[in-house]
Amino acid sequence: MSDKATLEINGQKHEFPLITGTENEVAIDVKTLRGATGGVVTIDPGYKNTGSCESGITFLNGEEGILRYRGYAIEDLAEKADFLEVAYLLIFGELPTKEELEKFHSDIKSHAVVDDDVKKILDAFPKAAHPMGVLSSLTSALTAFNPTSVNVDSEEDMYNAIVRILGKFPVLVAWTMRKKLGQPLNYGSTSLGYVENVLQMMFKRPDEDYTQNEILVNALDKLLILHADHEQNCSTSTVRIVGSSHAGLFASLSAGISALWGPLHGGANQAVLEMLEAIKEDGGDTKKYMAKAKDKEDPFRLMGFGHRVYKNFDPRARIIKVAADEVLGDLGVEDPILDIAKGLEQEALNDEYFVKRKLYPNVDFYSGIIYRAMGIPVEMFTVMFALGRLPGWIAQWREMRLRKEPIGRPRQIYTGENHRPFKTLDQR
Ligand code: CMC
């Protein structure tokens with residue numbers, strides 16, 4: 001393949017280098033385009049054809065359904081690693097040794113207490129507030145309690161900010177749920193593993209000891225790993241672009257949480273469950289909802305289906321589907337929603353509309369069914385996604401700062417009014 005692309009504008013040829021990634025993905029490097037052409041820019045709404053950065057963290061091939069973190073297959077990581085090992089891998093690039101992992105966990109635990117005044121902020125929210133709004137606000141509020149900005153040229157400063165947020169974030173996650181349920185705010189225990197601690201903080205009643213259930217621990221561990229990174233998606237791009245202005249880590253993460261909230265992104269897991277519930281309430285007629293999804297006059301979409309990048313099975317969905325069967329079986333839960341989900345999946349996989357558009361189940365199609373079996377309220381599903389995505393956001397923010405990327409600032413093509421004379425009030 002040639003190593004240059006040629007663009008002809010008004011009879012003038014311009015050459016641009018091609019960049020090839022380690023997995024042979026190719027990009028046209030248009031950094032010099034505007035200068036060379038006297039102001040021409042590219043336009044690509046939704047960035048469907050635009051690479052925003054070079055990154056060494058996550059590789060995904062949507063045509064073949066491949067997902068790897070730092071070169072390791074998602075299937076191997078979900079089966080053989082735990083969430084904290086994966087977090088370390090994503091952020092620092094290599095799987096930790098036993099000593100590195102112990103130190104990482106111990107440093108995280110040493111930061112797992114938040115300022116008690118955070119409770120006052122939480123107190124001011126109405127119980128009906130959506131937990132994602134609360135989580136985003138509390139994450140942003142952490143900047144007020146940890147005002148020193150991170151010196152990104154200092155590995156130590158960077159490391160301290162990372163373990164601090166990994167320690168405090170699960171507390172905020174658990175508290176948003178406890179607030180919603182009207183339960184007293186609590187802390188976990190430094191004697192527990194990271195995921196066990198999350199479960200204890202979320203579910204421990206004030207009047208009872210909490211007994212860990214291995215099935216729940218393993219299920220949550222796997223779900224968090226599967227959600228931990230997904231290259232330049234909407235929330236990750238948000239974290240990188242906010243961080244590119246040199247806003248702090250916590251502020252960048254808070255913006256990422258808001259981006260994740262929407263139903264086209266992380267909010268889909270809540271939307272899927274609500275959709276499955278609605279289908280059940282409506283008599284379980286999946287064909288009716290398939291028809292609605294295909295009707296261009298109807299805004300309804302089959303939530304949990306389709307993906308910007310995957311034009312094949314989302315590899316995470318394959319793993320989660322098996323996990324959903326196992327978890328519900330192990331817990332002895334019979335959920336009619338799972339049958340509706342499987343029925344919808346079968347219909348979609350054999351339907352011309354979905355086949356032609358390469359719409360397959362995505363990560364969110366089955367995850368809500370597991371969260372529900374675990375006793376997690378539906379409005380908390382996207383919060384659980386955020387907990388899983390945290391290491392990915394951190395890794396991407398760190399990479400962006402270490403690579404000294406410029407501030408993110410796209411161009412536009414202006415299509416508004418040309419210059420016109422000002423009209424005073426009585427002339428309008
Ligand atoms: N139901 C029905 N039709 C769909 C769906 C769907 N879920 N998804 C896409 N289409 C159709 C769409 O109408 C369009 O049809 P046409 O070519 O006739 O106009 C075609 O498929 C391409 O869709 P698009 O909207 O141009 O694709 P996109 O890449 O902009 O959107 C998506 C990707 C994920 C936003 C979209 O598939 C969707 O809205 N899915 C449902 C929401 C969802 O499950 N989101 C979770 C994504 S995975 C978790 C995460 O990482 O965020």
**Report entry** For residue 66, residues with placed amide H under 5 Å, excluding near neighbours
**Finding:** 61
Query raised in the report: Rounded to the nearest 0.05, what FRET efficiency is calculated for residue 322 and residue 207 with R0 set to 22 Å and r the Cβ-Cβ distance?
Result: 0.05
Report summary line: Heavy-atom accessible area of residue 234, protein chains in place, probe 1.4 angstrom, given in Å² to nearest 10, is 80
Report task. Enumerate the calculated ³J(HN,Hα) couplings along region 49-65 in order (Karplus 6.51 cos²θ - 1.76 cosθ + 1.60, θ = phi - 60°), each rounded to whole Hz, writing x wherever the residue is Gly or Pro. Result -> 10, 10, x, 8, 6, 9, 9, x, 9, 10, 10, 9, 10, x, 6, 9, x
Query raised in the report: With θ set to phi - 60° and the Karplus curve 6.51 cos²θ - 1.76 cosθ + 1.60, what are the ³J(HN,Hα) couplings of region 385-401 in order, to the nearest whole Hz, using x for Gly and Pro?
Result: 4, 4, 4, x, 6, 3, x, x, 4, 4, 4, 6, 5, 5, 4, 4, 6
Report summary line: Where a ≥ b ≥ c are root eigenvalues of the Cα gyration tensor, a/c under 1.5 meaning rounded, otherwise prolate if a/b exceeds b/c and oblate otherwise, region 1-57 counts as oblate
Query - Using distinct alpha-carbon pairs, which all enter the 1/r mean, Kirkwood radius of region 276-428 in Å - result: 19.3
Query raised in the report: Taking square-rooted eigenvalues a ≥ b ≥ c of the alpha carbon gyration tensor, is region 103-213 rounded, prolate or oblate, where a/c under 1.5 means rounded and, failing that, a/b exceeding b/c means prolate?
Result: oblate
Report task. Would you kindly give the portion of the calculated P(r) for region 210-297 that falls above 20 Å, as a percent of all Cα pairs? Result -> 58
Requested in this report: With a 1.4 Å probe and every protein chain left in place, work out the accessible area per residue of the chain in Å², rounded to a whole number.
Outcome: 51
Query raised in the report: Which length gain, in nm to one decimal place, applies between residue 41 and residue 113 when the Cα-Cα distance is subtracted from 0.36 nm times their residue separation?
Result: 21.1 nm
Report summary line: One finds the C-alpha centres of region 152-173 and region 203-222 to be spaced, in Å, by 25
**Report entry** Amide H within-cut-off set for residue 5, under 5 Å, with H built and near neighbours excluded
**Finding:** 16, 18
Report task. Determine which lysines satisfy two conditions relative to residue 179: a Cα distance under 17 Å, and not lying fewer than 8 residues away in the same chain. Result -> 119, 120, 127, 168, 204
Query raised in the report: Given region 317-382 reduced to its alpha-carbon atoms as identical point scatterers, what log10 I(q)/I(0) does the Debye formula return at q = 0.23 Å⁻¹?
Result: -0.99
Requested in this report: Work out how much length residue 4 to residue 64 would gain on full extension: take 0.36 nm times their residue separation and subtract the Cα-Cα distance, in nm to one decimal.
Outcome: 18.9 nm
Query raised in the report: Based on the Kirkwood radius over alpha-carbon pairs, what is the Stokes-Einstein translational diffusion coefficient of the chain at 10 °C with 1.306 mPa s viscosity, in µm²/s?
Result: 68
Query - Net charge of Cβ neighbours under 15 Å - reference residue 192; Lys, Arg +1; Asp, Glu -1 - result: -4
Requested in this report: Using a/c under 1.5 as the rounded threshold, could you call region 46-147 rounded, prolate or oblate? The axes a ≥ b ≥ c are square roots of the C-alpha gyration tensor eigenvalues, and prolate needs a/b larger than b/c, oblate otherwise.
Outcome: oblate
Query raised in the report: Ordered by residue, what ³J(HN,Hα) values in Hz, to whole numbers, does region 214-230 give under the Karplus form 6.51 cos²θ - 1.76 cosθ + 1.60, where θ = phi - 60° and Gly and Pro are x?
Result: 4, 5, 5, 4, 5, 5, 5, 3, 5, 4, 5, 4, 5, 9, 5, 7, 7
**Report entry** Top of 416, 306, 11 by mean-square fluctuation, Gaussian network on the chain, Cα under 10 Å
**Finding:** 416
Report task. State the Cα centre-to-centre distance between region 31-71 and region 283-330 in whole Å. Result -> 27
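The values are calculated or read from the model by the stated rules, or taken from the named source; none is laboratory data. What you see is a predicted model, and the numbers here were worked out from it, not measured in a lab. We place every Cβ from the backbone using ideal geometry, glycine too, and count neighbours over all the protein chains shown. These accessible areas exclude ligands, DNA and RNA; they are computed on the full protein's heavy atoms, side chains included. Shrake-Rupley method; radii C 1.70, N 1.55, O 1.52, S 1.80 Å.
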